[in-house]
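Okay, so here's the structure we're looking at.
Derivation of every value follows stated rules applied to the coordinates shown; laboratory data play no part. If you're wondering where the values come from, they're calculated on a predicted model, not measured in any experiment. Backbone-built Cβ (ideal geometry, glycine too); neighbour counts: all protein chains shown.
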Amino acid sequence: MNLFTANDQVGDVVARFPKADDIFKRYQIDFCCGGNRPLHTAIQELALNEEQIIQELNDLYNASVTVEEHDINWNDESLNNLISHIVNFHHAYLNTTLPVLGELTTKILRVHGANHKELAEVHRLFHSLKMEFEQHLIKEETLVFPRIEEFEIGKSRLALEFAFEAVEELEKEHDHCGELLKKIHAVTEGYFVPADACETYDYTFSKLEELESNTFTHVHLENNILFPRLRVARNESFA
Ligand SMILES: [Fe+2]
Ligand SMILES: [Fe+2]
């Protein structure tokens, strides 16, 4: 996935992904005093290859996260580490990808909708999914996750109870997002790209497939690891 773009602020990239400093140092991109400007500007000033640097950043990020995600036993990590990973990788991915896919699904509907009636359904399903995800992420990041962090740091039973009470609703929202993704999968016949498709069509379907895969892991981390750990903590606190 491509998390970083040339529009990102140099300093923000390093804040979100500290290993980016290796690449910036190699290209002599100033991320300390010159961090408060878009990558595009910094790269242009040094007359460097923008596409190559953005690609390197995304490749390094993907490689790091893949190793991290598969090598870490999230049951052994603190709840705060698990939440940081979910927010910094999966939520950040959605915040970057959903607007892009919103434009792409609209664009292919406009260009190919007359010959491919299913694209209207893809557009409708995706935009429902986008809206539901946006609200879901806000709920997790502003209401639920801070309470879990509060519980872990201060052992607040009240905070744990608040977070636990939201779990059922969050699980239902996961189920609904999963259903929408399954419908998109079915209506596109597994993201099958027809012979008359253009590059944008092809790219849109590959991004939808990537969204499905990223979401499976995201929901797995919450449904199968984070929420059961809250249940255990709650049972222990009442024991
Ligand atoms: Fe989430
Ligand atoms: Fe979630």
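Details
- The chain, helix-only ellipticity at 222 nm - DSSP H runs n ≥ 4, -39,500 (n - 2.57), divided by all residues, nearest 500: -23000 deg cm²/dmol
- Cross-link pairs Lys172/Lys207; Lys19/Lys139; Lys19/Lys183; Lys25/Lys130; Lys155/Lys182; Lys139/Lys183 - those with Cα-Cα distance over 31 Å: Lys19/Lys183; Lys25/Lys130; Lys155/Lys182
- Judged by the mean number of other Cβ atoms found within 10 Å, the most tightly packed of the peptides 229-238, 75-84 leads the ranking 75-84, 229-238.
- Over the chain, all Cα pairs binned in 5 Å intervals from 0 give whole-percent P(r) values of 1, 6, 12, 15, 14, 14, 14, 11, 8, 4, 1, 0, 0, listed from short to long.
- If you wrap the tightest convex hull around every Cα atom of the range 76-197 and split its volume per residue, you get 112 Å³.
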